[in-house]
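J.: Here's a structure for you.
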Amino acid sequence: MLSVNAFLFFMLLLLVAALLAPLIEKLKIPFSIFLILLGYGSSEIATKNFGIDIGINWENFRPLIIHFILPILIFQAAIMTDIRALKENILPVFMLALPLLLVSAGIIAIGVYYSIDHPAGFPWIAALLAGAILSATDPSAVLALLGKYGAPKRLILLLESEGLFNDATSIVLFGILLTVALTGSEQGNNWMTAGMQFLTIFCGGIAAGAITGVVAHFIIRIHDSEYIHILVTIISAYISFILAQDFLNLSGVMAVLSTGLTVRILNRQIETRQSQKFVDDYWRFTASVAETLIFLLAGVTITLSMFTNQWLATLIGIAACIVARTLIIFGSFPLFNLVSVANPISMKQQLVLTWGGVRGTITLALALSLPLSLDYWYTIQSIAYGVVLFTLFVQTTTMIPLIKKLNLKNGQ
């Protein structure tokens, strides 16, 4: 449970962030970068200059992130999905979210494992955990820039949809690998069991979420109040997560995703434009607060030793992510273009998809939730933080110059 000091500390940080948001927008600084710097600077001042114990410890992170923040982020993205556009691009979205994410996680794991080359201190399971954490993309910072510049809508949709579905997949994969790591067994039969568990947990979570979404839909149909609508979506998001995760031993994240999509699909026929906007605005605000908390938490927990002691591992992680992203995009989209009925994705757009695969809230959330009982937790967390900072400071800030250079504004 968060201490009073920690609660007040984060409430003050949220207030400062809200007050300075207009200034940050005018300065054209990505808000996520500002939040990380705000969290880091504030914690340093509070602890070192004034000796204030803000009460932040790992025991608070896991329940806060896993049971509170992640359901908000996943449900918001699901319930605001453009279903019609998603259907038109289902093949590349599905491939990027499941098989290609697993390929990406494997490539990253192989690159990190053999580059670090320390089997005792950084075994295969550590590399695989790093691969799962680093495969989750979060294009929110990039999407805001692409939208303002007028980039092709299909390009924005692919990045947005990929971020939604591969986040859920990477969280499920992370959970399975973490179980393997904590049991201390990496034998072949254990990996076979883990693979079967992945499919069971993944598909079972989808089924549980769909049932919850149908029930939520019928409750919403009975009551036409917008406030009841919001209340039902909040309850259904958390019930689906708790039911799947804690009672059925299935994927809570996939259940939340499935619930959100089911509610979105079924409610399209009964929602007015006004009620849909009301619900969307609520979830957009709630997810914004959740994302803000994640970046503030990341800033608070950053230490300089992460980059002085783990600089080589961090560079290895960054390089592995870029290589993996390049291979899965340029290796798969030529095939998608051959079988897709929609307009092909040009080489220029593939380049933007590659560079737009930034890491953010989910990567930070999973890194923050690593148990301290794992000897290699600090190395993985340092790599994750370094990759996120690289994507925010380098990839995000260079996205608009890249689009201008490629002349993609007119949809080329």
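The values are calculated or read from the model by the stated rules, or taken from the named source; none is laboratory data. Predicted model, so just to flag it, every value in this text is computed and none were measured. Please note: Cβ atoms are built from the backbone with ideal geometry, for glycine as well, and neighbour counts cover all protein chains shown.
J.: Within region 2-60, restricting attention to residues that are exposed (fewer than 14 other Cβ atoms within 10 Å of the Cβ) and not in a helix (DSSP H, G or I), which residue is modelled with the lowest pLDDT?
T.: Top of the filtered list is Asn57.
J.: Within region 359-378, take every residue that is touching a Leu at 6+ places or on another chain (Cβ under 7 Å) and either of a type in the set (A, V, I, L, M, F, W, C) or closer than 14 Å to Ala130 by Cβ (or both) and give me the one that is surrounded by the most Cβ atoms within 10 Å (Cβ to Cβ).
T.: Ala365
J.: Might you let me know whether region 364-386 holds any residue that is out of contact with any Gly (no Cβ under 9 Å at 6 or more places or on another chain), closer than 23 Å to Phe333 by Cβ and either in a helix (DSSP H, G or I) or not assigned by TED's automatic domain parsing to the domain that holds Phe330 (or both)?
T.: No; the residues of region 364-386 include none that is out of contact with any Gly (no Cβ under 9 Å at 6 or more places or on another chain), closer than 23 Å to Phe333 by Cβ and either in a helix (DSSP H, G or I) or not assigned by TED's automatic domain parsing to the domain that holds Phe330 (or both).
J.: Restricting attention to region 237-257, does a residue exist that is β-branched (Val, Ile, Thr) and surrounded by fewer than 23 Cβ atoms within 10 Å (Cβ to Cβ)?
T.: For region 237-257, residues β-branched (Val, Ile, Thr) and surrounded by fewer than 23 Cβ atoms within 10 Å (Cβ to Cβ): present.
J.: Of everything in region 11-41, what is hydroxyl-bearing (Ser, Thr, Tyr) and either over 18 Å from Ala290 (Cβ atoms) or touching a Cys at 6+ places or on another chain (Cβ under 7 Å) (or both)? Give them in sequence order.
T.: Tyr40
J.: Further, regarding this structure: Checking the structure you have, find out if any residue of region 210-233 is surrounded by 17 or more Cβ atoms within 10 Å (Cβ to Cβ) and not in a helix (DSSP H, G or I).
T.: The answer is no; no qualifying residue exists.
J.: Ok, one more. Looking at Thr212, Thr233, can you tell me which residue is within 20 Å of Gln76 (Cβ to Cβ), in contact (Cβ under 8 Å) with a residue 60 or more places away in the chain and of a type in the set (Val, Ile, Thr)?
T.: Thr233
J.: Continuing with this model, one more query. So Leu353 passes all but one of these: (1) part of a helix (DSSP H, G or I); (2) surrounded by fewer than 20 Cβ atoms within 10 Å (Cβ to Cβ). Which condition number does it fail?
T.: It is condition (2) that Leu353 fails.
J.: May I ask you to list pairs of residues, at least six apart or on different chains, whose Cβ atoms are under 9 Å apart, with the first in region 292-311 being on the phi < 0 side of the Ramachandran plot and the second being outside any helix (DSSP H, G or I)?
T.: Correct list of pairs: Ile294/Gly360; Phe295/Gly360; Leu297/Ile56; Val300/Ile54; Val300/Ile56; Thr301/Ile56.
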